[in-house]
Each structure stands twice: as C-alpha cells, then as structure tokens.
Amino acid sequence: MDISSSRKIRSISYAKYGYLFILPFFVVYAFFQVYPLFNTFYLSTQKSTTETGSVVLENVGLDNFRAILFGEGKSTDDAGNVIYKETRQAGAIKKDFFRVMGNTLILWFGNFIPQIIISLLLAAWFTDAYLKVKGKGFFKIVMYMPNIITAASVAALFVMLFSDSQLGAINSMIHNAGGETVPFVSGKDQSRVLIMIIQTWMWFGNTTIMLMSGIMGINPSLFEAANIDGASPNQQFFLITIPLLKPIMLYTMVTSMIGGLQMFDIPYLYNVGTSQNPFTETIAVFIYNHFHNIKPNYGYSASSSVVLFVITALLGSICFAVNRDKDNTPKAKRGAKALKNKLGGL
Amino acid sequence: MKNLKKTLAMISSVVMAGSVFAACGGSTESTGDTTTAAPAADATTAAAAEGETEAAPAETEAAAEGGDAAATDKLTVLCWNTDDIDPMLKLFCEKTGHTADEFNVKSFGCGGGEAAENYDAYLADANNDADIMFVEADWALKYINDDNATQALSNIGFSDADYADLYGYTIEIGKSTSGVQKGLSWQAAAGGFCYREDLADKYLGVKTPDEFQALVSDWDKFMETAGKVKEASGGTTAMTSTLAGVWQVFSAARTNPWVADNKLQLDDECKKYIDLAKTMYDNGYVIKDLAQWNNDWYAAGQTDSTMGYFVSTWGFGDAILSQAAGGEGGTTYGKWKVVVGPQPFYWGGTWATVATRCNNPELAKEFISFFTTNAETAQAYSESKGEYVSNQKAMEGVLANGSYTGVGVLGGQNQFETLNVVAADINMAGGITPYDSVIKQAFNDAVTQYCQGNYADVDSTIDAFVDNVAASLPDLDYSNFE
C-alpha cells in the first residue's frame, strides 16, 4: 500500500514536468494553427458586409460554396420562395475561382517537373562515386543560395529585369536591337513561364540536397555489386537509384505539391501596377485579395481556403497511402535483387 | 576538401549573418526615415515605429501602450506617407507657435491604396489614439460613412459658413452619403497635361504653351497631334507615357456615379475611353505596356520616349514630374511646360477627417482650418509647398501676390496659372461612391486586357469589367448589364 502510493506520486511528479515542457508548443500551436483553422471553417459560412464601415458578419450557410463551386446565388422566385439559380455575381466568382485554380495547377506543374528532372540529374552526378565532381560543397551552397534570398527580393529583381516596356532592362536591349518589346510581366504565357523559371530556380537546390541525402542513404554495396557485375551507369540509375529513391521522391512531391497549391509570394509580387495579373493569380493570391480588400469578402476567402484544404488533404493522403504501400512491400528492393540475380546469372 | 567545406560553411554563414544585419540596417534606416521625416516623433513614437517595422508583437504592444500614455494629449495624425504632413507641420509650427512635440504622426509608409487596411488594424485597438485621419477620395467614404471612425466637423466647431471660400468639389467629397460634412481637403487636385518643350519644338514646331494647347484642346486634336509626334519622331516618341493618366481625365469627366440605386452603371465617358485607349495603344501613342508608378515610368521622362504626362497639383514635385525629369539638375529638369489639355480634370487629393476618438478637438480644428478655411495661412502653405490649395481666396492671393513663380521642373512657368483655369471648371457631377476604388480598378483591368488583345471587342471588355466587379461586390445589382 505504502509502496504503491509513493510510486504513484513519484511518477506523477515526473510527468507533470514533461507536460509543462511541451506545453508552450501546444499553446502556440492552438493559438496560431488550430484556432485559425476552425475560424476559417466558421468564416466560410459567413458573409461580410461593410456598409457602415466596420465588417459585419451574417450567417449564410453553404452559400459561399454554392457560389464559388457551382455559380449559384440565392434569389427568390415569383412566389417568393428562396431558390438557388445562376446569378451574375456567383457566376463571376465561380469563373474567377476556376481560373485561379487552373493557374495554380499550371504554375505548379510547370515548376515541379523541370525542378525534379534537374534535381535528380544533379543529385545523381554529385553522388556518383566514380564521377568525383570537384567542389561539391561549393555547388551545394551555390544551388541552395536562391532559396535563402527572400521571395520578395527575387520577385523585385525579376520585375526590374523583365519590365514590360521598352525602358525595362531586357526589353530595352530588344527594343534597341530593333525588336518588338515582349510583355514578360503582364503577358499570358510570358509571365507564367517566367514564374515557373523563378520557382524552379529558387527550389531546385533544396530538392537536389534532399535527393542527394536520399541517394546517399542507399547502401553503397548495391552500387558496388552492380558495378562489379557490369551494370551500365544508366542501368544503375534506373534500376537501383530510382526505385530506392521512391520514398524520398514521394516526400518531395507531397511537400512540393502542398507548397505549390499555396504558392503565393512570387505570383503575387511578380506583377506591376496595382492590380493582379489574371494569368498568374493563384488560389492563395485570390484568397488574399478577397480578404484584404476595401470591401472584403471573408466568406469567399474562407470557403476557397476550405476547398483548398480539402484538395490538399485529399492529395496528401493519396500520396501517403501510396508511399505506405511501397514501404510494406519493398518492390524496389526486390527489383534491385532481381537485377543482381539477373546480372549474377550472366 | 574538409577545409574547403569549412571555408564555404564559414562564408555562407557570414553571408547569412550579413543578410540579417542588412535587414536590420534596412529597417533601422526606414525607422530613421520615419523619425526624421516626422519631426513630431519623440523617443516613444520612434519606439512605436520601430515596433511596427520589426513586427515583433510583444514589442509593438508594449511600445504602443507606452506611446499612448505619452500621446494622449498629442494630436495624432494618421497618414500613409509623410509627403504632406511634414511640410504642413513645419509651416504650422512656424506660424502658430505650436511645437512639433504636440503632434504624433502615425505614418504607415505605404501607398494610399493600402492605407485603409493599416488604418483598420490601427483603429481596431481602442487604446490607440487618433485625432486626424487623412483619406483619399477613392475610399474616403469608407471612413466618412462610418460614425465609429469619423465625426462631423461641426462637432469640433466648424460651421457651413466657414467653407464659403473652398472649391465646391472639395467640399462635396468630404460629405457622407447622408450629407454630413466630415472631411475637408487642403488641395484642389486640379491637373494638367505636362509636355516636353524641347520635343514639342522639335517635332511640332511649337514654341509656347498657348500654341501647344491649341493642338491638344480636345481629344480629336490630341490624337491628331499624337499621330504627328509619332511620325515626326520616327516612331520613338509617344504622346503620353501611360493610359493611366488619360484615364484620370476621363474619370473626372464622368457625369454619373459608378453606382446609383445600388445598380452598377457605366458612364458614356468610360465607353469613349475604351475606344480611345485601344486606339492609343495600337497606334503607339502611349509607351507600350508601361505601368504607372513603376521605376520605368519615371525613367521615361528622362528619355525622348514620351512627350508628356498627365499631372495633378500634387504631382509637380517628386510624386511625378520632378522625379520623371530626373530631379533637380536632371536630364530634362526645367524642360517641361504645363497646359490645360483636352479636358479639365482633377485627380486624387487628400482629405483630412476628424476621428471619432479625437481627444484634442481644439488643436484639430486649428490644424485643419489652418490649411483650408483660413485663406491667409492656406496661401502661405500654397506658396511654400507649391500646391494648389482648396481655398479660392488663397489661390487668388497667391496669383495676385506674384512671389510664387512655379516649380523648378517647369523652367519658369507658374503651374498655378494653368491650374487656376482648370480648377474653375471642375465639377463633381460624377459623384463618388464607397465602391469607387474597386470599380475603377476592375474597369482599368478590363481595358488593359482589351488593349493587350485578350478581349475581342468593346462588348466583351464591358462584360469582363462587370464580371470583375460582380466577383468583388456581390451585393450590387447588375441588371443594367443583362
């Protein structure tokens, strides 16, 4: 009796400190993450009006979602019943919503694909035991550098270089050489391509380092064995490196996807004038613009955020599900073994 | 290899640490700016400003609290930059014997368009002091219609008789929708077309502003002249820098407000503008794809790529023209002249309103009346700053006095003589609505896209404009466009 009670007290006193130590994180997390998350769900059912100056909220249920997803707004029929039909306002916001979703996907694909190709190539070169690239550390730092520069500076730099008119740095060269100026910042394709390039340039170093650590985590004896068995570098790359890199690749893809869906800074800042370029306006910019307006629409912002949250959660869990399957049935390793067997049999 | 890595790690950490300091330098510099820019700022306000720039929540809070305790009996002025308040305070203190210590300038260091957001955040804390708030015409009604933000000028001792000398339109914009006078502007933001005298001589053979005015006295002539300039210069000189300036002229010429009976409407002037904008863009009468307020926009004034800018009274200094000329001693400084242009117009202007939480009504009244209703001091301000003020008597005084001879960038021409003609013709038939800033932007976005060839015709441009507005302002009625 005595022993058990004293034991109990001792264990409680230790746990208490443990909880105390981790408390700050949970407090901060609740305040800055959980509360805003739930508040977003709440705001997505509200409509904000500013007739008197300060923002007044009104509960509208799922009307915001009806508007942004289906273009249906509330109105009354001849008998005075509330009906939902396509209205100009809801139609316009729906069109905008799908436009910015499209922009987001285009910009994400356009920077993810070149980024992963370049990173994979560089990572393979830098980790190749026989290539012995000199100054690896230097290159790693140089490639990582663009990521250290704040996005605002990068965007400002590119806007200055690529200004649309004949007075911009690049355009003045084109103009002086007798060519027609190119709208790098406001043109549809030009601005998108430029943003893809900026994003790729900023993030390929990060991805390269991630993939390099992934490749270095592969047991070198596999490469050695394959080499002794006479596998060509291409075979090694496609049959050993790539399959064993899949978990890291998936991780990169998930983080890049989440980051890509929330892409904000460069598309928002790679812009001149007071209004947003409609061809590079991403979903995050759209949310921001409706929130920070002279006449804010908290409901549209919040409901778009919720849709974005659902999409991100869905895509994220798909990726993780795929990833987990791979872990449980190590096909990749079997692939490597199969290669080994095959080569060994020769 | 190890050493190389170490060295590189060292270099990169130094670079990173350096960038941290660079950032610090930047912010202290800007803090320094605010402090020097605001003579009123004592140690407490400087601390508040620093807290603001560094965005450290705890620090801001502490500083704001500290600032309030000391600032309760100071006159707190909310503004977005110190371009106006600095010269105003200087003259005010000089003439009235008040000291800068009695003022607390809360400048948010942003564009006029972003000011409202900062004001909202600032006013959300009931402990933050505010006495006078500067507002811009485009979003003035947001605050003027809000009794929790601003109060009637009659509360602090103004009466309607006081406004007799002011230009009518400056009074009108200061009224709430229900007709309560809540703001007064010290500027009559009349504008004109500023052109390069040397280029006009070279391409058009025009020597005097009067001759030039004859060539641009209406839009048909303006376009014709633009064509001549384009041709004579071999395609290198555009008549005006951007469409944005042209738009200000049409915007001021509107005779209907954007919204009437909660219905969106499009004034005929706006339709005319769509056509004219497209013609100007296609013919190269504006510099292709040049954005207003961009660095390149100013740089254009130092090259021969543009004949002129549309400039409002506040734009003769560094805001537009002087900067475009390269500043004092710049390439084209002194080579500019101003004419009325195709249509008289006003552009922008800042209104002073009294905050509801104003705890310093006497000084607030003294300050506002100093620059507006008091003709004598308003005249002094006009002469010292070179600004066309809202007080007609003051302007008559400036012109009669003759001691003011115009800004340097005009090389001896007095812009007031031109603006005086313009100001007399300004009316506010268009009226303002609380939605103006959103709608104007939506309209300009649509026109820009049309010019760049993304919409096929005028109808689809108008359609896109209505969609732009409808997405932002769902509570308006769009039946006019169905």
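The values are calculated or read from the model by the stated rules, or taken from the named source; none is laboratory data. Please read these numbers as outputs of a predicted model, since none were measured by experiment. Counting neighbours? That spans all protein chains shown, and the Cβs are built from the backbone with ideal geometry, glycine included. Accessible surface is based on the protein model in full, side chains and every heavy atom, while ligands, DNA and RNA are left aside. Shrake-Rupley method; radii C 1.70, N 1.55, O 1.52, S 1.80 Å.
Annotations for the structure displayed:
- Within the accessible area of the protein assembly as shown, the carbon and sulfur atoms contribute 58%, probe 1.4 Å, all protein chains present.
- Debye log10 I(q)/I(0) at q = 0.13 Å⁻¹ for the range B:131-238, Cα point scatterers: -0.65
- Cα-based Kirkwood hydrodynamic radius, the range A:67-185, one decimal, Å: 19.7 Å
- Here the Kirkwood formula, the inverse mean of 1/r across different C-alpha pairs, assigns the protein assembly as shown a hydrodynamic radius of 30.6 Å.
- Normalised contact order of chain A, rounded percent, pairs of Cα under 8 Å and 6 or more residues apart: 22 percent
- The Cα atoms of the range A:96-345 cover 70, 49, 27 Å along the three principal axes, with the biggest extent listed first.
- Over the range A:176-308, equivalent-ellipsoid semi-axes from the Cα gyration tensor in Å: 42, 22, 9
- Buried area at the A:B interface is about 3600 square angstrom, summed over both chains, from accessible surfaces computed with a 1.4 angstrom probe.
- Per residue, chain B exposes 39 Å² of solvent-accessible protein surface, assessed with a 1.4 angstrom probe and all protein chains in place.
- Mean-position separation - Cα centroids, the range B:90-149 and the range A:225-289, in angstrom: 45 Å
- Counting, for every residue in A:147-154, the Cβ atoms of other protein chains within 10 Å of its Cβ and taking the mean gives 1.
- Helices in chain B that qualify as membrane-span-like (whole DSSP H runs, Cα extent of at least 27 Å along the helix axis, mean Kyte-Doolittle hydropathy of -1.0 or higher) are B:2-37.
- For the cross-link pairs B:202/B:288; A:295/B:263; B:202/B:393; A:74/B:263; B:207/B:228; B:230/B:272, the ones whose C-alpha atoms lie over 28 Å apart are B:202/B:393.
- The range B:240-262 and the range A:156-187: distance between their alpha carbon centers, rounded to Å: 29 Å
- Highest to lowest packing among B:424-436, B:279-291, B:340-352, scored as the average C-beta count within 10 Å: B:340-352, B:279-291, B:424-436
- Å² per residue, accessible surface of the range A:96-345 at 1.4 Å: 48 Å²
- Inter-probe distance in nm under a simple model that places probes 7 Å from Cα toward Cβ, at residue B:396 and residue B:303: 4.7 nm
- Sequence of B:473, A:122 from largest to smallest accessible area, 1.4 Å probe: A:122, B:473
- Student exercise, the range A:114-204 dipole from Lys, Arg, Asp, Glu Cβ charges, in Debye to nearest 20: 440 debye
- Residue mean of other protein chain beta carbons inside 10 Å, A:290-298: 5
- A simple charge model with +1 on the Cβ of Lys and Arg, -1 on the Cβ of Asp and Glu and nothing else charged puts the dipole of the protein assembly as shown at about 5520 debye relative to its Cα centre.
- For peptides A:191-201, B:183-193, sequence by mean Cβ density within 10 Å, most packed first: B:183-193, A:191-201
- Neighbouring partner chain Cβ atoms per residue of A:165-175, average, 10 Å criterion: 5
- Of interest is the spacing of the C-alpha centroids, which for the range A:115-155 and the range B:343-394 amounts to 59 Å.
- The residues of the range B:263-312 listed by number as losing at least 20 Å² of accessible area in the complex, against the isolated chain and with a 1.4 Å probe, are B:287, B:288, B:289, B:291, B:294, B:295, B:296, B:305.
- Sorting the segments A:230-237, B:129-136, B:302-309, A:130-137 by their mean number of nearby beta carbons within 10 angstrom, highest to lowest, gives B:129-136, B:302-309, A:230-237, A:130-137.
- Spatial extent of chain B: Rg and Dmax, with the Cα atoms as the point set, Å: 24.1, 84
- Here chain B carries DSSP beta bridges of which approximately 70% are antiparallel, counting only pairs with both residues inside.
- Listed residue pairs exceeding 25 Å between alpha carbons, taken from B:90/B:365; B:142/B:337; A:47/A:85: B:142/B:337
- Bridgeable aspartates and glutamates around residue B:271 (alpha carbons under 18 Å apart, same-chain partners fewer than 8 residues away excluded): B:218, B:220, B:282, B:436, B:445, B:457, B:459, B:463, B:467, B:482.
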